[in-house]
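The values are calculated or read from the model by the stated rules, or taken from the named source; none is laboratory data. Everything numeric in this text was worked out from a predicted model, so none of it was measured. FYI the Cβ positions are ideal-geometry reconstructions off the backbone, even for glycines, and counts take in every protein chain you see.
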Amino acid sequence: MPTRRDDPSIPAWREDQLDSLSAPELETPYFDGALKAWVLSRHADILAAFHASSLSPASHASDHGSQPSGESAEGQCAEGQHDRCERARLKMRAEAMESLSPAQLRAWRDQLAPAARALADGLPVEEPVDLMDAYARPLCLSLAAIVTGISRSDAEQLCERAREISAAAAEPYDSALRRSAESLSAGLRNYFPSGPESLRESGFVALSQTMPCILGNAWFALLQFPQEWSLLHREPGLMEQAIEELLRYAGLVRILSRIATADIDLNGASIRSGDRIILRIIAANRDPERFSHPNHVDLARRNAGHLTLGAGPHACVAANLIRMAAITITRPLVQMVASASLSRPVDWQGGSGFRFPRSLWVHLTTGERSTD
Ligand code: HEM
């Protein structure tokens, strides 16, 4: 019996992984018979797909974004309901954007920052520490509680269920995990009675579970490029552009899916209505046509344009919230820590949706605390 990793109907580009020794291979768009889908990996092709009005998001890749009611299990609107679906999605986006105003993000940042500073100051330096359990997860759980307006004790109580829901997003081709996540998600709903739809249970899961994964990947990348960690320690003013570069290099989401709602020629690929399309996001973020020396972390890089949070009409509504959280949580860590090294091999978890360090055991060396 084929193992899950050997099953050709499940995407498994092993080089699209942060711990891979070889760089992702970029290809012109092609139809993969086993996956029954077009495969896009070049930055320009995926960007075109993000902006194509006849390509709609489909399930199998990212289920943290809320699906407006009226969509089928495939993530597509049922026949004849497209306009209603689209109106619901735009309403959902508008409500989320309003709740994620710059002023609101600043207020949340001011609540999160002192907690991050206190936790960073308390990290042990004489012995190894797991940055995921000791630092990333508690802070992301606090942020999830603040943003969704539930108490910290409710957040702690819901954490295990959120973890299982997130595990299904990391392994989108596992139908058993997906079914269990759907029923857990329905159970979570009662705890989040108010607020915009995307900032209820799905926002809670994304912030409490997916956010630590992004941080774990970003810090793993800094550990791979120690000179960049020490640069950030010396020059914390680089933080905003550093986070963009880490989102590019260490970005989380491996694949997203689309379904064609009409025939379309996309950079030479003749895609027919009803065809599925898989977008290899990590590969696109390492495209040498778009980024010079793409397989290196270069915190001084100024050309943004990564696709980690999507692009175009379906781009992540919480992109600035994620940036704020990544900056606010990473800043006190690198200000206190002059250098860090892995003290144990990383225990990677997840699957074709996204992969992340379950734990990140490191030795920290403190330096003179840097200031902005
Ligand atoms: C924490 C890490 C997160 C990551 C890595 C992430 C990533 C993404 C990506 C890649 C997309 C584009 C999907 C596509 O094009 O098919 C997306 C869409 C979306 N995200 Fe996020 N996201 C995160 C957190 C959040 C949070 C906290 C919220 C809650 C507000 C959120 C709400 C959404 C929504 C509603 C969409 C769909 C937008 C649409 O179709 O119009 N995301 N996200």
What tally of residues in segment 100-114 results from selecting those that are surrounded by fewer than 13 Cβ atoms within 10 Å (Cβ to Cβ) and part of a loop (DSSP other than H, G, I, E, B)? 1
Val125 of a type in the set (A, V, I, L, M), at pLDDT below 95 and more than 16 Å from the ligand (Cβ to nearest atom): yes
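Just the residues that are over 24 Å from His233 (Cβ atoms) and either without any contact (Cβ under 8 Å) to a residue 60 or more places away in the chain or in contact with a Cys (Cβ under 9 Å, 6 or more places away or on another chain) (or both), please, taken from segment 309-342.
Leu309, Gly310, Ala319
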Can you find a residue that is over 27 Å from Gly237 (Cβ atoms), of a type in the set (A, V, I, L, M), surrounded by fewer than 21 Cβ atoms within 10 Å (Cβ to Cβ) and in contact (Cβ under 8 Å) with a residue 60 or more places away in the chain anywhere in segment 268-289? yes
Matching residues in segment 115-130 (of a type outside the set (A, V, I, L, M, F, W, C), surrounded by fewer than 18 Cβ atoms within 10 Å (Cβ to Cβ) and over 12 Å from Thr365 (Cα atoms)) number 3
Of all residues in segment 236-258, how many are among the β-branched types (Val, Ile, Thr) and either touching a Gly at 6+ places or on another chain (Cβ under 6 Å) or within 11 Å of the ligand (Cβ to nearest atom) (or both)? 2
From the option list Ser180, Ser202, single residue qualifying as hydroxyl-bearing (Ser, Thr, Tyr), under 20 Å from Arg89 (Cβ atoms), touching a residue at least 12 places away in the same chain (Cβ under 8 Å) and out of contact with any Phe, Trp or Tyr (no Cβ under 8 Å at 6 or more places or on another chain) is Ser202
Those residues of segment 222-274 that are in a helix (DSSP H, G or I) and in contact with a His (Cβ under 6 Å, 6 or more places away or on another chain) come to a total of 2
Could you check segment 174-212 and list, in sequence order, the residues that are more than 15 Å from the ligand (Cβ to nearest atom), under 20 Å from the mean Cα position of the chain (by Cα) and part of a loop (DSSP other than H, G, I, E, B)? Asp174
Quick one: which strands (runs of 3 or more DSSP E) sit completely within segment 305-372 and have at least 3 residues that are β-branched (Val, Ile, Thr)? 361-366
